[in-house]
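To start, the structure itself, in structure tokens.
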Amino acid sequence: MEKISDLLKIRREDLRNDGTPRVAICLCLDVSGSMSVVEFGDFKKTGNVVVKDGKKYIPVTGGVTRMDELQRGIEAFYEEIRNDAKAQYSAEICVVAFSDTAECISDFANIYRQETPHLKLGDMTAMGEGVNMALDLLEQRKKEYKSVGVDYYQPWLVLMTDGAPNGDPNELERAIARTTQLVSEKKLTIFPIGVGETANLETLARFTPKHHAIKLEKLRFKEFFEWLSESVEKTSQSIVGEKVELNTKAISQWGSKYSAETKELEPWPDELP
């Protein structure tokens with residue numbers, strides 16, 4: 001197994017060998033116990049009761065879970081990036097999973113060096129810890145770009161959860177403050193996305209200065225990741241520093257806007273959160 005220092009050398013060598021401008025995308029994903037909830041398909045109840053993520057559930061056998069659909073969406077996203085002639089050199093993906101703690105399960109690298117990550121279920125929802133780790137990794141990768149003189153587009157952070165944070169409240173507040181500041185300074189684009197009816201959209205909305213979050217309609221992970229890959233491809237074809245008009249109208253096909261001011265869901269407007 002390669003040492004961390006060796007991996008860092010490889011990452012920097014990749015940047016020196018290919019000066020293509022990079023777009024760093026961090027997927028910060030909730031893998032708490034509630035992501036094992038079965039949403040559709042043939043299933044049978046076991047009759048037992050378990051506590052996951054602070055809530056009681058009746059385990060079942062069979063069916064399709066939220067985690068199953070999320071995993072399929074990620075696999076489709078990686079495949080789309082690998083198949084795009086420009087994006088495969090520009091896009092760098094990092095995946096942070098949070099449950100009881102936060103863990104980086106796939107660090108930034110050229111897509112051809114990465115295997116598609118496989119998500120594993122945990123229990124709780126340490127959202128603040130997850131976002132802080134994601135921001136740290138994004139900042140580290142930006143420093144690496146600068147150290148070898150590689151241009152980069154504004155980094156992206158996808159924050160996806162089906163619940164409410166129950167980790168360290170101080171970590172949560174620190175994560176919210178850091179994220180909103182970066183977004184306000186136009187140093188970060190964030191997509192805070194709630195999954196299912198149990199997602200705390202009000203908390204997600206706090207991660208943006210405009211106090212908007214996106215509710216994923218049903219389990220349209222595939223549609224979301226298709227839109228994300230198209231957006232990455234469009235960005236990779238642009239000039240660093242110029243404004244890229246993403247297809248925000250297409251968000252309505254998979255998500256609705258939640259406004260913290262009205263506390264209601266609305267059709268998605270022609271704007272980013």
State whether the residues of the range 39-55 include one that is in contact with a Gly (Cβ under 8 Å, 6 or more places away or on another chain) and modelled with pLDDT of 90 or more. no
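Among the hydroxyl-bearing types (Ser, Thr, Tyr) and crowded, with 16+ Cβ neighbours inside 10 Å: which single residue out of Thr116, Thr101 fits that description? Working first, answer last.
Numbers: Thr101 fails: crowded, with 16+ Cβ neighbours inside 10 Å.
That would be Thr116, the only listed residue that is among the hydroxyl-bearing types (Ser, Thr, Tyr) and crowded, with 16+ Cβ neighbours inside 10 Å.
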Please count how many residues of the range 87-124 are within 22 Å of Leu182 (Cβ to Cβ) and in contact (Cβ under 8 Å) with a residue 60 or more places away in the chain. 11
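Determine whether Gln71 is more than 24 Å from Thr235 (Cβ to Cβ), among the polar types (S, T, N, Q), out of contact with any strand residue (DSSP E or B) (no Cβ under 6 Å at 6 or more places or on another chain) and crowded, with 16+ Cβ neighbours inside 10 Å.
On the way: more than 24 Å from Thr235 (Cβ to Cβ): yes; among the polar types (S, T, N, Q): yes; out of contact with any strand residue (DSSP E or B) (no Cβ under 6 Å at 6 or more places or on another chain): yes; crowded, with 16+ Cβ neighbours inside 10 Å: yes.
For Gln71, the condition - more than 24 Å from Thr235 (Cβ to Cβ), among the polar types (S, T, N, Q), out of contact with any strand residue (DSSP E or B) (no Cβ under 6 Å at 6 or more places or on another chain) and crowded, with 16+ Cβ neighbours inside 10 Å - is met.
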Residues of the range 166-220 being closer than 17 Å to Trp156 by Cα and among the polar types (S, T, N, Q), in sequence order, are Thr179, Thr180, Gln181, Ser184, Thr189, Thr208
Among the residues of the range 202-259, which ones are of a type in the set (D, E, K, R), under 28 Å from Ala164 (Cα atoms), buried (at least 18 other Cβ atoms within 10 Å of the Cβ) and out of contact with any strand residue (DSSP E or B) (no Cβ under 6 Å at 6 or more places or on another chain)? Arg206, Glu223, Glu226
Candidates Tyr89, Tyr78, Tyr112, filtered to the one that is among the hydroxyl-bearing types (Ser, Thr, Tyr) and under 21 Å from Ile239 (Cα atoms): Tyr89
Can you name the residue in the range 260-270 that is touching a residue at least 40 places away in the same chain (Cβ under 8 Å) and either in contact with a helix residue (DSSP H, G or I) (Cβ under 6 Å, 6 or more places away or on another chain) or acidic (Asp, Glu) (or both) and, of all such residues, is surrounded by the most Cβ atoms within 10 Å (Cβ to Cβ)? Trp268
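The values are calculated or read from the model by the stated rules, or taken from the named source; none is laboratory data. Everything quoted here is computed from the prediction, not taken from an experiment. Neighbour counts run over all protein chains shown; Cβ positions are idealised from the backbone, glycine included.
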